[in-house]
Amino acid sequence: MDTSDHVVEPGSVSRRAFVAGAASVGVAAWARRAAAQPKATITYWNGLTGADGKVMDELIDRFTRETGIRIEQQRLPWADLYAKLQVAVPAGEGPDLALIHTVEVPHFANDGVLEAIDDATTTGKGFRGEDYLPATWQGGTFQGKRYSLPLDVPQHILYLNMKVMKDGGLVGADGRPRVPASRDELVTMAKRLTKADTFGFAIGTVNPGRYTWGFHNLLWQNGANIYSADLKRAGVTDPAALEVAGFWEALPNQHKVVPPANTSCRDAFIAGRLGMWIAGSWNFSGLREAKVDFVAVPMPRLFKQAVVWAMPHQYSFPKPKAADRAKREAAWAHVRWMTDNVAEWTLKAGQVSASRKAHGDPRITGDPVLRALLAQAPSWQVGQPTPKWVAAENVTRPVIEAIYTGQKPARAAMEDLARQINALPD
Amino acid sequence: MSRQTRVAYAFLAPGLLLFAVYRLYPLLEGLRLSFTNARLGRASEQWIGLANYTRLLEDGRFHVSLWNTAFYTVASTLPILAVPLALALALNRGRLRTLLRSVFFFPFTLSVVTVGLAWLWLLDPVVGPFNYYLRGLGVPARSWLADPQTAMWTIILTTVWWVTGYYLVIYLAGLQDIPRDLYEAAALDGASAWRSFWTITLPLLRPVLLFVVVTHVIGSFQLFGQVFVLTGGGPGDATRTVVQHLYEAAFQNFFQFGAASAMAWVLFAVILVFSMLQFRLLRGHTEY
């Protein structure tokens, strides 16, 4: 028997040792190569053009440091973003990840712009419906399929300008402002605050006359909606909707407590010319920066039910030209990371999370505005799941402005709106 | 074909190619789309003949847009002709003319969005300085852009402010082309400045006036930026223009490229008719 294999001469290496050594060197080299190999770079489109964009940049930098995944962001105004998605995705030029508003999900899903996410993938990545508020989780679906995952919840809230409230005698001895508990009370208080160039109440940010989100909120509070429950016809001529339109008409024309259309309500509030302001939660960090003395309280119930308009941001995966597993996994990694770190997003960007997990964070519950936003979470409602929602909103804008400016009586305007909505193409 | 002609075509070819690819093809493709139900996101498109055009006959908002656009075009033409001309006459001579020309030209260097946002703030009914000073004068503040009676006039005012500098420069170039000896001869004959203006300046500025009117009318029919930023077409539809209607059909409401292309071709036809009318009315040979 040849034993040469087993004979180890001094200073020499056995074959087994050599093979083992070579293998370990090989494994180490492979591991080094794998580690050195650049992680995927993904493209991410969003419309976070305000201060929230800077916060997103910070968090993405952190994400890249922790995971090695690079993100190339493209940020443009929401309306432009949606037009671009609609054009770019069918051409195979879409991003790997897009942040969109809930009401955009149905039409993008219907037009094949978004990729459906199956339940197994959602669960496998650790996303479960019970971790989210129902309105936000449900908003990511269309016709029974999931197309997106909610991140946060921009929503309405009532801001009270303490200077104006004090001047109007609506602050108690305890320093707390009076909060309207009904529509009549709101009008009475607003009348008390309105004088010369100061207005008691406004709903909307830059042009209250065209503020569809505010109008929707009032419709929902009165149990009405843009479409009927079966989504087949316009619901804006239902008695409950007409009642809301009448209130919309009365605010500037009869009660005269709101600023004219085309007013920047945000600037008016900052300048101390507006007392009570229903507006988006995204305004509060700017108000703090501007050092406005204000208090934020939950959206008051002005009609039948305490509904709060909400428009959750949703993470979606636009259909790629060709499947790229590495990029998709990297995009999922970012969504997971943001969901796990959503408390940071809430604290810095001022948007409360769709996921319940961060709601108990003491840093969040310790902030009075965030606390007020969370308090109204059970009342969140989103737009109806129809691909026509956005188009219906576009035709609503001039109609409600015509009511607000007194160009058209409320009933006639709503009948005209119903005709326009019913005529929208499929 | 002579060698010279071939060389000429060779030099023209790159330009013609670009024109064909980026101008002619989109134009003709738009015409084709206008006879279809093309919509982004729809798997296929069908030939629907003149349906997009006949639908425009029933589209009340399109009629309003067309009327608003025509109103803007007519109402803005006189100030656009007169204000820069008056300034040009004032600045044609004088020590500070170079500085003042730059001052007047400055607004035109701004983008339409910048101009729109600046005026939006200036005219804000609550915090805008315009209303602040009016209140100081005892005039009640009003929302110029939210009142259907004043909204379009306010847009015209902002546009005149914006483009005056551009037309001023064109007028000045035209004025400086008019031989001085004509004015001297008129003065010797005892003509007043007013008479010189009517009998020398205006007739000899005819080519410049034609250019200003034609370019302004074409631009007016395409009015969009100012309206989009200042009023969004409101209040109601009081300042809604054809291009805004077209834009919304194409990019906001279901990406109806077929319907939007039909609107674009109707607009094209209107502009063509107006331009031809202007050429016919203002044509004439001008000799110095």
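So here's what we get for this one:
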| quantity | calculated |
| --- | --- |
| Given (1) more than 30 Å from A:Ala91 (Cα to Cα); (2) of a type in the set (A, V, I, L, M, F, W, C); (3) surrounded by 11 or more Cβ atoms within 10 Å (Cβ to Cβ), index of the condition B:Ala10 fails | (3) |
| Residue in the stretch B:239-250 that is facing chain A (nearest Cβ under 9 Å) and at pLDDT 95 or above present | yes |
| Number of positions in the stretch A:374-400 that are within 14 Å of chain B (Cβ to nearest Cβ) and aliphatic (A, V, I, L, M) | 6 |
| Residue ranges of helices (runs of 4 or more DSSP H) in the stretch B:185-288 with at least 1 members surrounded by 19 or more Cβ atoms within 10 Å (Cβ to Cβ) and in contact (Cβ under 8 Å) with a residue 60 or more places away in the chain | B:206-221, B:225-230, B:242-247, B:257-282 |
| Positions within the stretch A:209-240 being of a type in the set (Lys, Arg) and surrounded by fewer than 20 Cβ atoms within 10 Å (Cβ to Cβ), in sequence order | A:Lys232, A:Arg233 |
| Pairs where the first residue, in the stretch B:138-149, is within 7 Å of chain A (Cβ to nearest Cβ) and the second is not in a loop (DSSP other than H, G, I, E, B), C-beta under 7 Å, 6+ apart | B:Ala141/B:Asn131; B:Ala141/B:Leu134; B:Ala141/B:Arg135; B:Leu145/B:Ala151; B:Leu145/B:Thr154; B:Leu145/B:Leu230; B:Ala146/A:Gly209 |
| Among residues of the stretch A:319-337, those that are surrounded by 15 or more Cβ atoms within 10 Å (Cβ to Cβ) and either within 22 Å of A:Phe284 (Cα to Cα) or without any contact (Cβ under 8 Å) to a residue 12 or more places away in the chain (or both), counted | 0 |
| Residue, nearest to the chain's Cα centre (by Cα), within the stretch B:140-159, restricted to residues that are assigned to a helix (DSSP H, G or I) and buried (at least 18 other Cβ atoms within 10 Å of the Cβ) | B:Thr159 |
| Any hit, the stretch A:294-310, residues being among the polar types (S, T, N, Q) and within 22 Å of the chain's Cα centre (by Cα) | no |
| Out of B:Val83, B:Val103, B:Val64, B:Val115, sole residue that is within 14 Å of another protein chain (Cβ to nearest Cβ), under 25 Å from the mean Cα position of the chain (by Cα) and either assigned to a helix (DSSP H, G or I) or without any contact (Cβ under 8 Å) to a residue 40 or more places away in the chain (or both) | B:Val64 |
| Restricting the stretch B:160-184 to residues that are within 25 Å of the chain's Cα centre (by Cα) and among the hydroxyl-bearing types (Ser, Thr, Tyr), the residue that is surrounded by the fewest Cβ atoms within 10 Å (Cβ to Cβ) | B:Tyr166 |
| Residue within the stretch B:4-27 that is in contact (Cβ under 8 Å) with a residue 24 or more places away in the chain, more than 14 Å from chain A (Cβ to nearest Cβ), under 30 Å from B:Ala262 (Cβ atoms) and of a type outside the set (A, V, I, L, M, F, W, C) present | no |
| Selected residue [away from chain B (no Cβ under 13 Å) and either closer than 22 Å to A:Ala51 by Cα or hydrophobic (A, V, I, L, M, F, W, C) (or both)] from A:Arg371, A:Arg411 | A:Arg371 |
| Given (1) in contact with a helix residue (DSSP H, G or I) (Cβ under 6 Å, 6 or more places away or on another chain); (2) surrounded by fewer than 18 Cβ atoms within 10 Å (Cβ to Cβ); (3) closer than 29 Å to A:Ala40 by Cα, number of the condition A:Pro312 does not satisfy | (2) |
| Exclusive hit being of a type in the set (Ser, Thr, Tyr), loosely packed, with under 14 Cβ neighbours inside 10 Å, at pLDDT below 95 and assigned to a helix (DSSP H, G or I), set B:Thr77, B:Thr5 | B:Thr5 |
| Condition check for B:Pro129: more than 20 Å from the chain's Cα centre (by Cα), within 14 Å of chain A (Cβ to nearest Cβ) and in contact (Cβ under 8 Å) with a residue 12 or more places away in the chain | no |
| Residues within the stretch A:85-95 that are over 17 Å from A:Ile42 (Cβ atoms) and charged (D, E, K, R), tallied | 0 |
| A:Val257, sole failed condition from (1) touching a residue at least 12 places away in the same chain (Cβ under 8 Å); (2) of a type outside the set (D, E, K, R); (3) more than 14 Å from every other protein chain (Cβ to nearest Cβ) | (3) |
| Looking only at the stretch A:19-74, and only at residues there that are assigned to a helix (DSSP H, G or I) and crowded, with 18+ Cβ neighbours inside 10 Å, the one that is modelled with the lowest pLDDT | A:Asp52 |
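The values are calculated or read from the model by the stated rules, or taken from the named source; none is laboratory data. These figures come from a predicted structure and were not determined experimentally. For neighbour counting, all protein chains shown are included, and Cβ atoms are generated from backbone atoms with ideal geometry for every residue, glycine included.
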